[in-house]
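Read-outs throughout are calculated quantities, based only on the coordinates presented, and are distinct from any laboratory measurement. Here the structure is a predicted model, which means the values were calculated and not measured.
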């Protein structure tokens, strides 16, 4: 994918998200603003850099803003969603769904930053707890959408699969970044000695 295609893909993704999820951008901005004062304490607690704490806060805020507020149809669809969860798709979607701008690809992209942030954290028990919570987050979101019908949101098993795929993709990207950074540091040290 070329840079212009990637830019078009990103712009189309934002357009789709803002049309379908009117609370997404305000929620994202709120997470970005709150991330500034909260990133220091979070980074200190996790023994990491402030930028990683900020990424963790903003990525979690983006996920919550995209998945829990009422959708574009608001509370109007609540009655037809009570106790219903679409279990139609349990496995991965088609490659076309992942490679085009669709609900599937956007569900994957939503969790990539969280995976990257977790991969950048030091290997501690707290990080393990955050990783476990991140893997439980997609299921928790869908259960919330199921048991709180006033949100007018659809509980779908495919969303869990896509969110977990995004989380794993983010962990892989972050892991590769960490490995490259460590290799560069080792090479720099060996040249200095």
Return the Cα extents of the range 87-179 along principal axes one, two and three, sorted largest first, each rounded to a whole Å. 40, 31, 19
GNM top mover of 135, 24, 111 - the chain, alpha-carbon springs below 10 Å: 135
Rounded to the nearest 10 degrees, the helix 125-147 long axis (Cα) sits at an angle to the longest Cα principal axis of the chain of 10
Comparing 166, 91, 53, which has the greatest mean-square fluctuation in the GNM of the chain with Cα pairs linked when under 10 Å apart? 91
Ratio of Rg to Rh for the chain, alpha carbon only, Kirkwood? 1.02
On C-alpha positions alone, give me the angle between the axis of helix 157-192 and the longest principal axis of the chain, in degrees, nearest 10. 10
Roughly how tilted is helix 24-46, in degrees to the nearest 10 and between 0 and 90, from the longest Cα axis of the chain? 40
More than 15 Å apart: what percent of Cα pairs in the range 1-41 qualify? 57
Suppose the chain between residue 29 and residue 184 were pulled fully straight at 0.36 nm per residue; how much longer would it get relative to their current alpha carbon spacing? 52.4 nm
Under a GNM of the chain (C-alpha, springs under 10 Å), which listed residue has the highest mean-square fluctuation: 113, 22, 41? 41
